[in-house]
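Notes for the one structure printed next.
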Amino acid sequence: MDFNVKKLASDAGVFFSRAMQFTEEKLGQAEKTELDAHFENLLARADSTKNWTEKILRQTEVLLQPNPSARVEEFLYEKLDRKVPSRVTNGELLAQYMTEAANDFGPGTPYGKTLIKVGETQRRLGAAERDFIHSASINFLTPLRNFLEGDWRTITKERRILQNRRLDLDACKARLKKAKAAEAKAACEGDAVPDFQETRPRNYVLSASASALWSDEVEKAEHELRLTQTEFDRQAEVTRLLLEGISSTHVNHLRCLHEFVESQTNYYAQCYQYMLDLQKQLGSSKGEIFSGTFVGNAESTSPPPAAASPPAVAAATLPAVPTIPVVPTIVGVPNTVAESVLNPNEVKPPASGTRKARVLYDYEAADSTELALLADEMITVYSLPGMDPDWLIGERGNQKGKVPVTYLELLS
């Protein structure tokens, strides 16, 4: 019990000494040992790494899980070291509702068939999202958390110890400075020749005794300064090594970032492919859904004669250009007539109305009547009466074919 009280008293004395030194430094009443410029740069780099890692981690969690209550729940499970329960994604939930609606409306109806197709695609999108979240959590979020909860805590602990060692060192320097000043003052008083008629001899003896005492105090302060300087240098070296390890942390985070981008690229590529497949399925069943209707708009979309521009009026004097007649699409009847009439290789572009378009995505032609596209290339497009409004005729050099409108950005 006596030992614990003594240790407590000693710790309290050290704490008050450090607090006093820190306060005097803030008030400008005490000198502070400054670290070298390289060490200060390492500290600033470490703080910046910690701050940005926290922001990136927090925003990535929001990206992967926008629901704040779900994030709180996952955080609690993680702190309790329990497995997070599997959660249905929004896409999978939408797929479930669409499938149930299709069964209610009738899976054989056009609306029911479409609901089933779209629901199946939403289910595949939800499964892809689940895989992406799992991959991103393991390959990206976990290393960032490990740095903040492991390496950074160690760095913070060693920096706190270094701060205490610096306060002890500065306190010893201040103590030595005061002891030397007192020793010099006592020495000056002791060098004076005493006047035995006016001053009692014992004052001279006391001055000599005080000078010896301050000399002992200076020796003790110098010894303590050497010890605290050694401890400070040792702790500074340990902290420096940890701070220089931030470069390795950056390399590790760079590798994790590449893995995150790769998993995100695979996720969006899967989603894009799923939606392309769905678009083709819905496009192939369009004639069945809207049976007995025209595929394109049979009415002319040209402006009235009064609003015609001069180039359009000039083009009207040219020889007539053959156009494609509108052919209705009927369920169950092969549309060979329409295909033969709308053969892009046999039609000529109109005298006016062509436009430039930039291709947004790669497109693979389904048959010889379509034109394969490459992203970012420029082509000439125009429409013919009787065509599906979702398609245009595209030309690239001497190549010609139908192209989907959704893959193009029409330019003025």
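The values are calculated or read from the model by the stated rules, or taken from the named source; none is laboratory data. Since the structure is predicted, the reported quantities are computational estimates derived from the model, not experimental observations. Because the Cβ atoms are built from the backbone with ideal geometry, glycine has one as well, and the counts that use them run over all protein chains shown. Surface accessibility is based on the protein's heavy atoms, side chains included, excluding ligands, DNA and RNA. Shrake-Rupley method; radii C 1.70, N 1.55, O 1.52, S 1.80 Å.
Looking only at the stretch 380-412, how many residues end up being free of Cβ contacts under 8 Å to residues at least 24 places away in the same chain, open to solvent by less than 60 Å² (accessible area, probe 1.4 Å) and over 42 Å from the mean Cα position of the chain (by Cα)?
The qualifying residues number 0.
Okay, residues lined up against (1) modelled with pLDDT of 65 or more; (2) over 21 Å from PHE22 (Cβ atoms):
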{"site": "ALA171", "(1), (2)": "yes, no"}
{"site": "LYS178", "(1), (2)": "yes, no"}
{"site": "SER207", "(1), (2)": "no, yes"}
{"site": "ARG234", "(1), (2)": "yes, yes"}
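Within the set of pairs 6+ apart or on separate chains, which have a first residue in the stretch 161-179 that is touching a residue at least 60 places away in the same chain (Cβ under 8 Å), a second that is open to solvent by 70 Å² or more (accessible area, probe 1.4 Å), and C-beta atoms under 7 Å apart?
Between residues of the stretch 161-179 that are touching a residue at least 60 places away in the same chain (Cβ under 8 Å) and residues that are open to solvent by 70 Å² or more (accessible area, probe 1.4 Å), the close pairs are ARG165/GLU231; LEU167/PHE22; ASP170/GLU31; ASP170/LYS32; LYS173/GLU31.
Please find, within the stretch 78-93, the residue that is least open to solvent (accessible area, probe 1.4 Å) out of those that are in a helix (DSSP H, G or I) and over 19 Å from LEU276 (Cβ atoms).
Just the residues of the stretch 78-93 that are in a helix (DSSP H, G or I), to begin with: 78-79, 90-93.
Checking the rest, the ones that are also over 19 Å from LEU276 (Cβ atoms) come to 78-79, 90, 92-93.
On the way: GLU78: 84, LYS79: 111, ASN90: 124, GLU92: 37, LEU93: 64 Å².
Result: GLU92.
Taking the stated definitions as given, is LEU162 out of contact with any His (no Cβ under 8 Å at 6 or more places or on another chain), open to solvent by less than 30 Å² (accessible area, probe 1.4 Å) and modelled with pLDDT under 90?
Numbers: out of contact with any His (no Cβ under 8 Å at 6 or more places or on another chain): yes; open to solvent by less than 30 Å² (accessible area, probe 1.4 Å): yes; modelled with pLDDT under 90: no.
When the stated conditions are applied, LEU162 does not pass them.
Would you confirm whether or not the stretch 46-65 contains a residue that is modelled with pLDDT of 70 or more, in a loop (DSSP other than H, G, I, E, B) and in the same structural domain as ARG166 (by the TED database)? Reasoning before the result, please.
Taking the stretch 46-65 first, the residues modelled with pLDDT of 70 or more are 46-65.
If we keep only those that are in a loop (DSSP other than H, G, I, E, B) as well, we get 65.
Those still in the list that are in the same structural domain as ARG166 (by the TED database) too: 65.
Within the stretch 46-65, one or more residues are modelled with pLDDT of 70 or more, in a loop (DSSP other than H, G, I, E, B) and in the same structural domain as ARG166 (by the TED database).
With the structure loaded, tell me whether GLU395 is within 25 Å of LEU282 (Cα to Cα), of a type outside the set (A, V, I, L, M) and at pLDDT 90 or above or whether it fails that test. Break it down stepwise before answering.
Working: within 25 Å of LEU282 (Cα to Cα): no; of a type outside the set (A, V, I, L, M): yes; at pLDDT 90 or above: yes.
Criteria not met by GLU395.
Assigned to a helix (DSSP H, G or I) and either more than 28 Å from the chain's Cα centre (by Cα) or closer than 30 Å to LEU43 by Cβ (or both), is that true of ARG145?
Numbers: assigned to a helix (DSSP H, G or I): yes; either more than 28 Å from the chain's Cα centre (by Cα) or closer than 30 Å to LEU43 by Cβ (or both): yes.
Taking the combined requirement at face value, the residue satisfies it.
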